[in-house]
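Colleague: After the structure tokens below, expect a handful of questions from me.
The values are calculated or read from the model by the stated rules, or taken from the named source; none is laboratory data. Please read all numbers here as calculations on a predicted model, not as lab measurements. Quick reminder, even Gly has a Cβ in these numbers, built from the backbone with ideal geometry, and neighbours come from all protein chains shown.
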Amino acid sequence: MKLKIELYILSLWLLFFLLFANKIDLPMCLGKNCQFIGTLELLKKNWIPAICIVGMGYGFFAFWRFKYRVIESSKQGPWKIEEIENISFENLGFLATYIIPLLCFDLDFHLDEGRNAFMLLLVLVAIGAVYIKANLYYTNPSLALMNFRVYRITYKDQDTIKKAIVLSREKLIVSDKIFARHIDENVYFTQKPIS
């Protein structure tokens with residue numbers, strides 16, 4: 001469950017980055033009498049970008065943990081791919097359905113006002129609950145930016161035909177042999193054998 005939550009937060013990395021770029025307010029002064037306004041005043045003016053930096057930092061931490069706990073964990077296989085379907089387009093669905101509209105939340109509802117920021121937080125929590133309960137954490141635009149592909153496969157493991165959803169950094173095709181590392185239920189991270 002913790003891994004799913006971390007992957008959900010990682011999926012929001014792009015939203016945090018875009019909100020940061022939209023809301024950052026750094027005072028500029030080019031004259032002789034310029035003075036630093038102070039760290040506290042700068043944080044008061046930029047509390048939304050500060051939260052976004054924390055979210056982006058946690059996203060990087062979540063990816064590091066994902067790499068450590070999944071990519072470098074013990075593997076199963078080899079499995080032979082019998083059928084394959086690329087479902088990486090689901091990342092775009094998540095991006096178009098959630099990330100872009102949430103970025104526009106600020107443009108329509110003045111996120112600087114406390115109630116609206118609280119509403120955005122509630123929306124993010126509600127979307128996260130659905131995202132995790134529906135096991136859609138692999139539809140992650142941040143992982144897509146890091147060159148991960150998502151496939152729905154039918155594979156042969158010891159003369160048994162099974163189905164799974166796999167994440168891979170490599171392009172997979174029918175008849176490829178892969179090693180898999182379990183993420184959750186029928187979701188795996190896969191790699192081809194080193195030749």
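Colleague: Would you call residue 147 within 15 Å of the chain's Cα centre (by Cα) and exposed (fewer than 11 other Cβ atoms within 10 Å of the Cβ)? Before you say what the answer is, go through the steps one by one.
Modeller: Details: within 15 Å of the chain's Cα centre (by Cα): yes; exposed (fewer than 11 other Cβ atoms within 10 Å of the Cβ): yes.
For residue 147, the condition - within 15 Å of the chain's Cα centre (by Cα) and exposed (fewer than 11 other Cβ atoms within 10 Å of the Cβ) - is met.
Colleague: I need every pair where a residue in the range 156-172 that is of a type in the set (Asp, Glu) has its Cβ under 7 Å from the Cβ of a residue that is in a strand (DSSP E or B), sequence separation at least 6 or different chains.
Modeller: 157/79; 170/191
Colleague: Between a residue in the range 25-40 that is among the aliphatic types (A, V, I, L, M) and any residue that is not in a helix (DSSP H, G or I), which pairs come within a Cβ distance under 8 Å, given they are 6 or more apart or on different chains?
Modeller: Filtered contacts from the range 25-40: 26/46; 37/27.
Colleague: So, residue 124, is that one of a type in the set (A, V, I, L, M, F, W, C), at pLDDT 80 or above, surrounded by 14 or more Cβ atoms within 10 Å (Cβ to Cβ) and within 22 Å of residue 48 (Cβ to Cβ) or not?
Modeller: Numbers: of a type in the set (A, V, I, L, M, F, W, C): yes; at pLDDT 80 or above: yes; surrounded by 14 or more Cβ atoms within 10 Å (Cβ to Cβ): yes; within 22 Å of residue 48 (Cβ to Cβ): yes.
Yes.
Colleague: Can you pull out every residue in the range 15-24 that is surrounded by fewer than 20 Cβ atoms within 10 Å (Cβ to Cβ), of a type in the set (A, V, I, L, M, F, W, C) and in contact (Cβ under 8 Å) with a residue 40 or more places away in the chain?
Modeller: Scanning the range 15-24 gives a single hit, 18.
Colleague: A further question on this structure: Checking the structure you have, find out if any residue of the range 158-173 is at pLDDT below 85, surrounded by 14 or more Cβ atoms within 10 Å (Cβ to Cβ) and either farther than 14 Å from residue 3 by Cα or of a type in the set (Ser, Thr, Tyr) (or both).
Modeller: No - not one qualifying residue is present in the range 158-173.
Colleague: Consider residue 68 against the criteria (1) under 19 Å from the mean Cα position of the chain (by Cα); (2) in contact (Cβ under 8 Å) with a residue 12 or more places away in the chain: it satisfies all of them except one. Which criterion is unmet?
Modeller: With (1) under 19 Å from the mean Cα position of the chain (by Cα); (2) in contact (Cβ under 8 Å) with a residue 12 or more places away in the chain applied to residue 68, the lone miss is (2).
Colleague: Additional query: Sort out which residues of the range 148-189 are in contact with an Asp or Glu (Cβ under 9 Å, 6 or more places away or on another chain) and not in a strand (DSSP E or B), and write them in order of number.
Modeller: 170, 174, 175, 176, listed by residue number.
Colleague: In addition: In the range 33-70, what count of residues is obtained for those that are within 22 Å of residue 10 (Cβ to Cβ) and surrounded by 14 or more Cβ atoms within 10 Å (Cβ to Cβ)? Outline the logic, then answer.
Modeller: Of the range 33-70, the ones within 22 Å of residue 10 (Cβ to Cβ) are 48-70.
Retained after the next criterion (residues that are surrounded by 14 or more Cβ atoms within 10 Å (Cβ to Cβ)): 48-53, 55-56, 58-59, 62-63, 65-66, 69-70.
Of the residues in the range 33-70, 16 are within 22 Å of residue 10 (Cβ to Cβ) and surrounded by 14 or more Cβ atoms within 10 Å (Cβ to Cβ).
Colleague: Confirm whether residue 49 is assigned to a helix (DSSP H, G or I) and farther than 27 Å from residue 169 by Cβ. Break it down stepwise before answering.
Modeller: Numbers: assigned to a helix (DSSP H, G or I): yes; farther than 27 Å from residue 169 by Cβ: yes.
Yes.
Colleague: Out of all the residues in the range 20-33, which are modelled with pLDDT under 85 and part of a helix (DSSP H, G or I)?
Modeller: Those that are modelled with pLDDT under 85 and part of a helix (DSSP H, G or I): 22, 23.
Colleague: Checking the conditions here, which among 148, 105 is touching a helix residue (DSSP H, G or I) at 6+ places or on another chain (Cβ under 6 Å) and either modelled with pLDDT under 85 or closer than 27 Å to residue 21 by Cβ (or both)? Steps first, please.
Modeller: Working: 148 fails: touching a helix residue (DSSP H, G or I) at 6+ places or on another chain (Cβ under 6 Å).
Result: 105 is the single residue among 148, 105 that is touching a helix residue (DSSP H, G or I) at 6+ places or on another chain (Cβ under 6 Å) and either modelled with pLDDT under 85 or closer than 27 Å to residue 21 by Cβ (or both).
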